[in-house]
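First comes the structure, then the notes that go with it.
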Amino acid sequence: MDMRLRVHIFSLFVGAIIGVSAALYLQPSGRMEVADKPIFKGKTAVSVARVVDGDTVILLLEGKEHRVRLLGVDTPESVKPDTPPEPGGVEAGRFLKNLLNGEKVYVEYEAAGKASKDRYGRDLAYLYRAPDGLFVNQEIVRQGYGRVYRQAKFKYRDEFIRLEATAKAGQKGMWAEGG
């Protein structure tokens with residue numbers, strides 16, 4: 001076989017390996033694309049007005065600001081009045097700001113189409129960053145910036161518990177150095 005043909009075939013082979021590797025890297029398991037979630041078909045993403053802390057955001061819904069608490073996630077406190085930030089709280093807030101600053105999100109409620117509220121009057125919701133579909137609640141737990149909120153049952157609880165254990169084992173975020 002001619003040397004140029006061998007080099008060409010080898011180049012194609014290497015290119016295919018790199019392409020498959022990149023596709024796998026860019027689509028880690030556990031992330032669901034927005035297009036794969038029927039609940040968002042025909043829905044409009046809403047703007048993130050601002051991030052309050054690691055598990056609370058202000059969204060613009062129908063022209064009004066709504067305070068939303070991320071369902072299933074609990075991050076260390078960073079903005080509690082008359083209280084210094086808890087260890088990891090500032091970092092969790094910064095992480096969420098980096099994920100959502102200037103972004104739009106799709107909102108999913110535990111009960112289809114209907115928001116439940118926490119004791120502070122915040123809507124409880126799951127957020128998916130548009131247009132890439134990043135499941136924000138899940139990403140906070142996966143990266144170790146928050147723990148699973150175990151005081152309530154929710155549909156992603158088992159998955160979040162598994163991701164929290166992985167983050168702990170990998171000493172990610174708040175779990176670094178035995179946190």
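What follows is calculated from the coordinates using simple rules that are stated; it is not laboratory data. Predicted model only: the values in this text are computed from it and were never measured. A quick note on method: Cβ atoms are made from the backbone with ideal geometry, for glycine too, and the neighbour counts reach across all protein chains shown.
Which of Lys64/Lys97; Lys97/Lys117; Lys97/Lys168; Lys41/Lys172; Lys80/Lys172; Lys114/Lys172 have a Cα-Cα distance over 28 Å?
Listed pairs above 28 Å: Lys41/Lys172; Lys114/Lys172.
Determine which aspartates and glutamates satisfy two conditions relative to Lys43: a Cα distance under 20 Å, and not lying fewer than 8 residues away in the same chain.
Of all the aspartates and glutamates, those that pass the test against Lys43 - Cα under 20 Å, at least 8 places apart if same chain - are Glu33, Glu62, Glu65, Glu103, Glu108, Glu110, Asp123, Asp132.
Below 8 Å, C-alpha to C-alpha, sequence gap of six or more: please give me the relative contact order for region 82-179 in percent. Mind dumping the intermediate values first?
Numbers: 106 pairs, mean separation 22.0, N = 98.
22 percent.
At R0 = 45 Å, how high is the FRET efficiency between Ala169 and Glu62 if r is their beta carbon distance? Nearest 0.05 is fine.
Working from the Cβ atoms, E equals 0.60.
Tell me, in nm to one decimal, what length is gained between Ser47 and Lys153 on full extension, where the rule is 0.36 nm per residue of separation less the Cα-Cα distance? Before the final figure, lay out the partial values.
Working: separation 106, 0.36 × 106 = 38.16 nm, distance 2.76 nm.
Length difference between fully extended and current span is 35.4 nm.
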